[in-house]
1. Find the residue count for segment 68-95, including only residues that are surrounded by fewer than 24 Cβ atoms within 10 Å (Cβ to Cβ) and among the hydrophobic types (A, V, I, L, M, F, W, C).
2. Could you grab the pairs with beta carbons closer than 6 Å, sequence gap of 6+ or different chains, first residue in segment 17-30 and in contact (Cβ under 8 Å) with a residue 24 or more places away in the chain and more than 11 Å from I249 (Cα to Cα), second one among the aliphatic types (A, V, I, L, M) and assigned to a helix (DSSP H, G or I)?
3. Could you identify the single residue in V356, V263 that is of a type in the set (A, V, I, L, M) and within 15 Å of V41 (Cα to Cα)?
4. Testing R268 on (1) in contact with a helix residue (DSSP H, G or I) (Cβ under 7 Å, 6 or more places away or on another chain); (2) under 17 Å from G118 (Cα atoms), one condition comes back false. Which one is that?
5. When residues of segment 126-165 are filtered for being aromatic (F, W, Y) and at pLDDT 90 or above, how many remain?
6. Here's a check for you: in segment 431-452, which residue that is assigned to a loop (DSSP other than H, G, I, E, B) and open to solvent by 70 Å² or more (accessible area, probe 1.4 Å) is modelled with the highest pLDDT?
7. Taking the residues in segment 110-139 that are open to solvent by 10 Å² or more (accessible area, probe 1.4 Å) and of a type in the set (A, V, I, L, M, F, W, C) as candidates, determine which candidate is nearest to the chain's Cα centre (by Cα).
8. With the condition kept exactly as written, say whether any residue in segment 287-302 is in a helix (DSSP H, G or I), open to solvent by 10 Å² or more (accessible area, probe 1.4 Å) and among the hydroxyl-bearing types (S, T, Y).
Amino acid sequence: MSGSPPPAGGFVRRVGLFQATAINMSQMCGIGPFVTIPLMVAAFGGPQAVVGFVAGAVLALCDGLVWAELGAAMPGSGGSYVYLRQAFQYRSGRLMPFLFVWTAMLFIPLIMSTGVVGFVQYLGYLAPGLGQTSGDLIGLGVIALVVLLLWRGIEHIARITTVMWAVMIASVVLVIAAAASDFSPHMAFTYPARAFDLTSDHFWLGFAAGLTIGIYDYLGYNTTAYMGAEIKEPGRTLPRSILFSILGIMAIYLLLQIGTLGVVDWHRMTDPHDIASTSVASAVLEKTWGKGAADTVTVLILVTAFASVFTGLLGGSRVPYDAARDRVFFRPYEKLHPRHRFPMLGLATMGVITAVGFLIGRHTDLATLIQLLTTVMVIVQALAQILALTVLRKRQPNLRRPYRMWLYPLPSIVAFVGWCVIYAYADRNSPGRHPIEWSLAWVALGCAAFWVWARLEKVWPFGEREIAEEYQALEMS
């Protein structure tokens, strides 16, 4: 049993390995490291913040191996929806795949909204007098432009993504090169007293916050899994695009983080009135190569931020399509554009939620937005998907698996523990915001929506045999 092959007149497979890796890397890098380096330094209280990026890389790599096996075996549009549908049909019927789509409709746009928040932050470097209202309107205009550009066929989007990927690579390479030209090992590797005191609660609180920020920076390695129905030779391309993008971004982030700490005093990054706290890459360029170079690279960073939102909504908008087609989500989401064959309602809905998330981030803070989206994502996607891998190994041993996880089950155990740490520390790292309570409330609201959907569809939402037979019929169609 494979994934969910697109029906006649559905998606077409036109995205190859290079484009798939570029899509993942554009979404992963984006604005993330350019705005979170100061957040990471604040979480750890010094240049030992590099530990957070390393921890995030380990979690991303272990979780990426989960995605690689599941994506290669079931390359349908919708990513986790397909995997959870197959794994949990035996006990909870349609509930788990429905809840995943429900939560993905929130956390994917929230991830994109952080990119728009970062876009406006760096725009503030070029326009220091940019006010709150003006920034809000510009951010909303950026989101509208992204949706407009995505309102077209995948073959055109793949070409646009390749260009944006090249700009992203250029921006990070220039920042890394600038940092290397005036690098101070003393600044980068001189740590405060008790920086690595493993018996201190402060260290572990900072580690949990850093792990959250770190994995946020790597999010996007699974973007092509959401586009499984549009990937050429998905059994080979999907795992490779995931692993290549994680390893490539891991190298970039470490060079970027260490290089930045070797140029800009970390104390500046914790000062909200210093440009290094909001536009740290621009601060690096200004100190090393001058204001003109800083302005030029800031423009490239703005394009990179735009690219991350573009590719994120590209993959995310495909999530509700497969579920609606399989009658596991609200039916209007199965409709494709009659000419360009993309899911119109999914794209429009996520565009609106991205706009709302952007306004929340602008009027609270970026760290709060990151905590909220990660806690929402952990329960129904991250942990559930790791369990799904184990369930499918047991329930469907004959499932064709072009790629099998290396060192199974060790990577899945490491990933499970990492996600649990992020969730357990969420409230302590965002005092007064209650991200755990908000995540549970959203899941509860999803259960209510599931009941409404079942009433509208006039189906019994649970039951092993009936649902398994329906899914088998879909796979054979």
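1. Qualifying residue count, segment 68-95: 2.
2. Going by the 6 Å Cβ cut-off, the qualifying pairs are Q19/A158.
3. Exactly one of V356, V263 is of a type in the set (A, V, I, L, M) and within 15 Å of V41 (Cα to Cα), namely V263.
4. R268 satisfies all of (1) in contact with a helix residue (DSSP H, G or I) (Cβ under 7 Å, 6 or more places away or on another chain); (2) under 17 Å from G118 (Cα atoms) except (2).
5. Selection size over segment 126-165: 0.
6. H434
7. The selected residue is I111.
8. Checked segment 287-302: at least one residue is in a helix (DSSP H, G or I), open to solvent by 10 Å² or more (accessible area, probe 1.4 Å) and among the hydroxyl-bearing types (S, T, Y).
The values are calculated or read from the model by the stated rules, or taken from the named source; none is laboratory data. Being a predicted model, the structure only gives us computed values, none of them experimental. Every residue, glycine among them, receives a Cβ derived from its backbone with ideal geometry; neighbour counts consider all protein chains shown. These area figures cover heavy atoms from the full protein model, side chains too; ligands, DNA and RNA do not enter into them. Shrake-Rupley method; radii C 1.70, N 1.55, O 1.52, S 1.80 Å.
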